[in-house]
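Read-outs throughout are calculated quantities, based only on the coordinates presented, and are distinct from any laboratory measurement. Just so it is clear, the model here is predicted, and its values are computed rather than measured. With ideal geometry, Cβ positions are generated from the backbone for all residues, glycine too; neighbour counts draw on all protein chains shown.
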Amino acid sequence: MLSSHSLQSQEPLALAISRIHRSRSLDELQKNFFFVLPKFVKADAFGMYLFDDKLNTEMIFSRHANPGFLNEYEDMRSRDPLFKYLLQKKRFTHSLEIFDSQGWFKQPLHGFLSQWGLNYSIEAPLIIDGHVKGTLNIARGGRKYFEPDSLVFARFLCREIDSAHARISERDALKREIALMSTSPDRMECISGRAREVLELAISGLSNRKISSRLDISENTVRHHIKRIYRVLGVCNRAQLVQRVLTGQSVAKPH
């Protein structure tokens, strides 16, 4: 049940929800996440992680988080019990939901957090088509745990962020599909199978290494497909490739 303070926050909460769902891109969404959550959740660090299909981190956005902490957490993630619980249940969780105080203090994750002046953690999933595609992370230092109101707001707002993230991701995927369909059919029919998959990932901004990992093929194979795609579509680099595919226009080669 919400406290009187929570009830007094209903109008600002409605504005916060509206701001989240007005996000038109992932960049806007992460900015709104960092703008909105601190107004309702007392914490010392906020982060948004986006994953590929193999749960490798593709993007990290953070506020008030030390870069060294973010880098070291990547090695810690496989031992993070909250992350394991989140993957299994696909839902919001926090330190004292799955441990009592003594149990939490014995966890390697707590030891890691304390090295960076933090003590407690909240984690929430970003889900698309039933698969975890990222997490929202909130951490607090000091001895005092998250207040009940903070947990209620965090759970609710993370769910709204998750919903907005899924909408934006689905819209972007649809845009890419439409763009591919609008590209000259006579040229696009020459690009099929694995080369088409490489093309879709390339225009999404993935590097050759990430495409290689995503499709489980060698980087040399990726480069071979990219070169062939360049020849077929008459472009010389990634920037021209994106312009060619997303606009359906030809790009003049430099002399």
**Report entry** Cα-centre dipole for segment 184-247 with unit charges at Cβ (Lys and Arg positive, Asp and Glu negative), debye to 20
**Finding:** 220 debye
Query raised in the report: Helix 10-21: angle to the longest alpha-carbon principal axis of the chain, degrees 0 to 90, nearest 10?
Result: 20 degrees
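Given 0.36 nm per residue, what is the gain on full extension from SER163 to PHE34 after removing their alpha carbon distance, in nm?
Details: separation 129, 0.36 × 129 = 46.44 nm, distance 1.62 nm.
Answer, rounded to one decimal: 44.8 nm.
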Query raised in the report: Roughly speaking, what is the stretch gain from LYS89 to SER204, that is 0.36 nm per residue apart minus the C-alpha to C-alpha distance, in nm to one decimal?
Result: 38.5 nm
**Report entry** Alpha-carbon spread of segment 47-120, three principal axes, descending order, Å
**Finding:** 34, 28, 19
Requested in this report: Just tell me which lysines come within less than 24 Å, Cα to Cα, of LYS210; anything on the same chain fewer than 8 places away is out.
Outcome: LYS54, LYS84, LYS133, LYS175, LYS227
Report summary line: Computed about the Cα centre, the charge dipole of the chain from +1 Lys/Arg and -1 Asp/Glu charges at the Cβ has a magnitude in debye, to the nearest 20, of 560 debye
Query raised in the report: Looking at the P(r) of the chain, how many percent of alpha-carbon pairs lie beyond 33 Å?
Result: 32 percent
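Could you work out the local net charge near GLY141, counting Lys and Arg as +1, Asp and Glu as -1, over the other residues with Cβ closer than 13 Å to its Cβ?
Numbers: positive: LYS42, ARG140, ARG143, LYS144; negative: ASP44.
Residues near GLY141 contribute +3 overall.
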Query raised in the report: Hey, in the GNM for the chain with a 10 angstrom Cα cutoff, which one of LYS227, LYS210, LYS90 fluctuates hardest?
Result: LYS227
Query raised in the report: How far, in degrees from 0 to 90, does helix 238-247 lean away from the longest principal axis of the Cα atoms of the chain, to the nearest 10?
Result: 90 degrees
